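What follows is a short report on a single structure.
The values are calculated or read from the model by the stated rules, or taken from the named source; none is laboratory data. Predicted, not measured: the structure shown is a model, and the values here were computed from it. Ideal geometry is used to build each Cβ from the backbone, glycine not excepted, and the neighbour counts take in all protein chains shown. Calculation scope for accessible area: heavy atoms of the full protein, side chains included, ligands and nucleic acids excluded. Shrake-Rupley method; radii C 1.70, N 1.55, O 1.52, S 1.80 Å.
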Amino acid sequence: ALNNVYDLRRARIDAQPTLDELERRGRPCVALFSDFMWSMQHNLGVSAEVKRLVPKSLTVHGGPHAPKYAGDAERFFDDHPHVDVIVRGEGELTVAALLEAIDGDLDRDRLEERLAEVEGITFRVPTAEGHRLVRTPDRARGTDMSIFPSPYLTGEFDEIDPARWRSATIETNRGCPYGCTYCD
């Protein structure tokens, strides 16, 4: 159903042709970032560039290094004014629900109402004084792993040049209750 509303792309958003196309088209997009220790600063830079090129775009950050706790989220939003939404916990179902809720319409006047229905996110709402944060209830963890396809089996990584690979990480404990700093 989301394919009927969105032009979903596997392309890396940080590839210069993609950013050039975004600027040329001038239409807002929803840019999704999965933040890990090794990608966080790069993702934040690209997120800021997306907002600079097309300010009405919606930037969504999730992943193991996206802040989950209220105080951490507040500092994160203060430090990164280009970030609109943080996905807390498992992102697959939450991002699908977020995309379904906004239904391709990034009109800021209706965005708060739509996002308020999505479990597992924290988002920024502009105010006269700056912004306020809305934290929706947590989304329950997925229990049926068969609904999450393997990126290795679906060909997600097939187009990546093997010469660029330094390592491949396989996480074997989905739903770990600790932040990545526990292991890192």
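Data for the structure
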{"item": "Within the range 60-74, considering residues that are of a type in the set (D, E, K, R) and farther than 18 Å from E112 by Cβ, the one surrounded by the most Cβ atoms within 10 Å (Cβ to Cβ)", "result": "K68"}
{"item": "Those residues of the range 50-59 which are assigned to a loop (DSSP other than H, G, I, E, B) and open to solvent by less than 60 Å² (accessible area, probe 1.4 Å), in sequence order", "result": "V54, S57"}
{"item": "Residue check, E90 acidic (D, E), modelled with pLDDT of 90 or more and surrounded by 13 or more Cβ atoms within 10 Å (Cβ to Cβ)", "result": "no"}
{"item": "Of the criteria (1) open to solvent by 20 Å² or more (accessible area, probe 1.4 Å); (2) in a helix (DSSP H, G or I), which one F77 fails", "result": "(1)"}
{"item": "Criterion: out of contact with any His (no Cβ under 6 Å at 6 or more places or on another chain) and at pLDDT 95 or above - qualifying residue of L98, L106, L53", "result": "L98"}
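Here's the yes/no breakdown for (1) within 25 Å of P17 (Cβ to Cβ); (2) more than 14 Å from the chain's Cα centre (by Cα); (3) in a helix (DSSP H, G or I); (4) not aromatic (F, W, Y):
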{"residue": "M37", "(1), (2), (3), (4)": "no, yes, no, yes"}
{"residue": "L44", "(1), (2), (3), (4)": "yes, no, yes, yes"}
{"residue": "A48", "(1), (2), (3), (4)": "yes, no, yes, yes"}
{"residue": "P67", "(1), (2), (3), (4)": "no, no, no, yes"}
{"residue": "H82", "(1), (2), (3), (4)": "yes, no, no, yes"}
{"residue": "T94", "(1), (2), (3), (4)": "no, no, yes, yes"}
{"residue": "A97", "(1), (2), (3), (4)": "no, no, yes, yes"}
{"residue": "A101", "(1), (2), (3), (4)": "no, yes, yes, yes"}
